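Enquirer: A single structure is presented below for examination.
The values are calculated or read from the model by the stated rules, or taken from the named source; none is laboratory data. Only a predicted model underlies this, so the values are computations on that prediction, with no experimental measurement involved. All Cβ positions, glycine included, derive from the backbone under ideal geometry; neighbour counts span all protein chains shown. Ligands, DNA and RNA are excluded from the accessible area calculation, which covers all protein heavy atoms including side chains. Shrake-Rupley method; radii C 1.70, N 1.55, O 1.52, S 1.80 Å.
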Amino acid sequence: MVPVRKRPDCRQNANRHLRSLAHAALLAAASLASGLGTAASASAESPLEAMRQYNQRVEWEDNFQNTVQSLQAMQSGAPTLSASTADHIAVAINRYSQIVQYGGWGTVSAGGKPIRIGARDPRVVELRQRLMVSGDLEQTAGLSNTFDSYVDAALRRFQLRHGLMPDGVLGQSTVEALNVPAYVRLRQLEMNFERMQNMSGDFPDRYVMVNIPAAEIEAVENGRVRSRHTAVVGKIDRQTPILDSKIYELNFNPYWTVPVSIIRKDLIPKMKEDPQYLEKNDIRILDWHDNELSWQQIDWNTDEATQYRFRQDPGKINSLGSVRINFHNKHQVYLHDTPSKTLFGSDYRFHSSGCVRVQNVRELVTWLLQSTTPDWNRTRVDEVIRTGAREDVKLKSTIPLHMTYITAWANSDGVVHFREDIYDRDDLYGASQAGTQARL
C-alpha cells in the first residue's frame, strides 16, 4: 500500500511554496506552449492549428490563479487531530462507500516516461477519469489526451492529499497511489474512524501533534493550526513510538549521547570500517565517571563499546542540530533539529532511529516558549543558537504532545487525506464494526 519581524506562520510559508510550485508549472507550460507554437510555424501548419496553440497557451495562463487557489485550499487551518476528526471521517466514509458501490475508480497504466503539463498521451484520458471519480478534477473537464493546466492542478491536489511531492508530474509513485483501489481507501477510513473514537475527545488549548505516517507535526492553538512542520520519523525497523506526553524542556546547542541501540547497530560497524569515525564526528568516549577514553582502549570486535557513553559535542555536525525538545517517555526519544535538511524535501521521510526531526524547528521552539515563557521570542532563540553556548530552558508550563498514527483523515472542508501504512499497523484494527458505526 499503499512546511521574524511580524513573522509569517508555516501556513504562509507553505502557501508561498505552493505558489512557487504553481508559478513554475505555469512558466514550464508557457515555455512548452511557446515551443509548440514555434514548431508549428516552422512546419508551416495551418492558421487554425496556430490559433489552437495560442488558445491553449491562453487557457493555461488564465487557469494559473485557479491552480494557486486550489493548492492553497489544501492548507487547512483545521488540525488533523481534534474532537471533530471522527465526524469528518464518518462523512468521508459515506462518500467513499458510494464510490465503491458504483464500481470504484479505474487505474492509470504504469510504465512509460513521466508525463506533465503540455504532454499528449493516451494515459492522460485514464488520469482524467481517475481524478474525476475522486473529486480532484471537475466532471466538465472532458476526456482529452492533453495534459492541460486543469489536469495539472487536479494532479497536484491529489498528490498533496496523499503526501506526495506536489510537482504535477505523473511518475511512478503517483501512479502507484492513484492505483490503490477505492475499497482499500474506504477500509483505511474505517480503521482510522475507530482509532479516533478510541482516543479521548477533549483537547487542550495548546498541543503538539506528530502524525507518524504523514511525517508531519502540527502546533495547535485554540482549535487552529498555528504552524505545520515537515518531519523525519523512525525507520520501519526502528519505529517512532505512539504515545501521549508533555513537553517540558528545551536544550539549545545540545550534546548528543548516542543510545545503546545505535552504538550496537551503527557506531561499532562504522568504527570497524573507519577508526577515525569518532574523531571526524566530534564524538568522545566517556566512562561513567566522566573519564575520557581513546578508541584504541576498546575492543570493537565485541559489544564492549556499549558499556561506555559516546557523547557528540555541540556544533554544526551535531546529530541533534541546534535544539532538542524533551518530553517524558520510556523510549528515550525526543523531537530535535538536524544538520541534514535534505530529507525534508523527500516524499519518503522514514529514516530516523525513532526520534523525530523537525523542519523549521526554530518556529516551533519559539511558539513553545512564547506559549509558556513570554520573555522568550524569535530574536532571543536565534541569538542563543548563534552563540553556540549550551543552554537548557524548562518551560514554565508543559505543553501536551500526541504522537499518533493516522493514515486517513478528513477536515471540515471535506478534503480527504491518505498516507501509506508504513508500519503496517492498520491491520491491527477491525474495519467492519467501525464501518457499521460510521453509517448509522
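Enquirer: In the list Lys235, Lys270, Lys265, which residue meets the criterion of being within 21 Å of Asp426 (Cβ to Cβ) and open to solvent by 20 Å² or more (accessible area, probe 1.4 Å)? Explain how you work it out, then say what you get.
Expert: Numbers: Lys270 fails: within 21 Å of Asp426 (Cβ to Cβ); Lys265 fails: within 21 Å of Asp426 (Cβ to Cβ).
Just one listed residue meets the conditions, Lys235.
Enquirer: Also, I was wondering about something else. Can you say whether Arg95 is open to solvent by 20 Å² or more (accessible area, probe 1.4 Å), under 14 Å from Phe147 (Cα atoms) and either assigned to a helix (DSSP H, G or I) or β-branched (Val, Ile, Thr) (or both), as far as the supplied structure shows? Talk me through it step by step, then tell me what you get.
Expert: Working: open to solvent by 20 Å² or more (accessible area, probe 1.4 Å): yes; under 14 Å from Phe147 (Cα atoms): no; either assigned to a helix (DSSP H, G or I) or β-branched (Val, Ile, Thr) (or both): yes.
The answer is no for Arg95.
Enquirer: Can you find, within the range 109-163, the residue that is farthest from Ile217 (Cα to Cα) among those that are open to solvent by less than 30 Å² (accessible area, probe 1.4 Å) and among the hydroxyl-bearing types (Ser, Thr, Tyr)?
Expert: Looking at residues that are open to solvent by less than 30 Å² (accessible area, probe 1.4 Å) and among the hydroxyl-bearing types (Ser, Thr, Tyr), I get Thr146.
Enquirer: Report yes if Val210 is more than 21 Å from the chain's Cα centre (by Cα) and open to solvent by less than 50 Å² (accessible area, probe 1.4 Å), otherwise no.
Expert: Numbers: more than 21 Å from the chain's Cα centre (by Cα): no; open to solvent by less than 50 Å² (accessible area, probe 1.4 Å): yes.
Criteria not met by Val210.
Enquirer: If a residue counts only when it is within 30 Å of His402 (Cβ to Cβ), which strands (runs of 3 or more DSSP E) contained entirely in the range 279-332 have at least 2 such residues?
Expert: Filter on the range 279-332 gives 323-327.
Every residue, every condition in (1) closer than 29 Å to Gly163 by Cα; (2) of a type in the set (Asp, Glu); (3) in contact with a helix residue (DSSP H, G or I) (Cβ under 7 Å, 6 or more places away or on another chain), yes or no:
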site: Lys235; (1), (2), (3): yes, no, no
site: Asn253; (1), (2), (3): no, no, yes
site: Val260; (1), (2), (3): no, no, yes
site: Asp266; (1), (2), (3): no, yes, no
site: Asn301; (1), (2), (3): no, no, no
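Enquirer: Still on this structure, I have one more. Any chance the range 158-166 includes a residue that's outside any helix (DSSP H, G or I), over 20 Å from Ala92 (Cβ atoms) and either more than 26 Å from the chain's Cα centre (by Cα) or not basic (Lys, Arg) (or both)?
Expert: Taking every residue of the range 158-166 in turn, at least one turns out to be outside any helix (DSSP H, G or I), over 20 Å from Ala92 (Cβ atoms) and either more than 26 Å from the chain's Cα centre (by Cα) or not basic (Lys, Arg) (or both).
Enquirer: Can you run down the residue pairs with Cβ atoms below 7 Å, 6 or more apart or on separate chains, where the first is in the range 258-284 and more than 17 Å from Asp237 (Cα to Cα) and the partner is open to solvent by 40 Å² or more (accessible area, probe 1.4 Å) and aliphatic (A, V, I, L, M)?
Expert: Cβ pairs passing all conditions: Asn281/Ile317; Asp282/Ile317.
Enquirer: Do we have Ser294 as open to solvent by 40 Å² or more (accessible area, probe 1.4 Å) and among the small types (Gly, Ala, Ser) here?
Expert: Details: open to solvent by 40 Å² or more (accessible area, probe 1.4 Å): yes; among the small types (Gly, Ala, Ser): yes.
Answer is yes for this residue.
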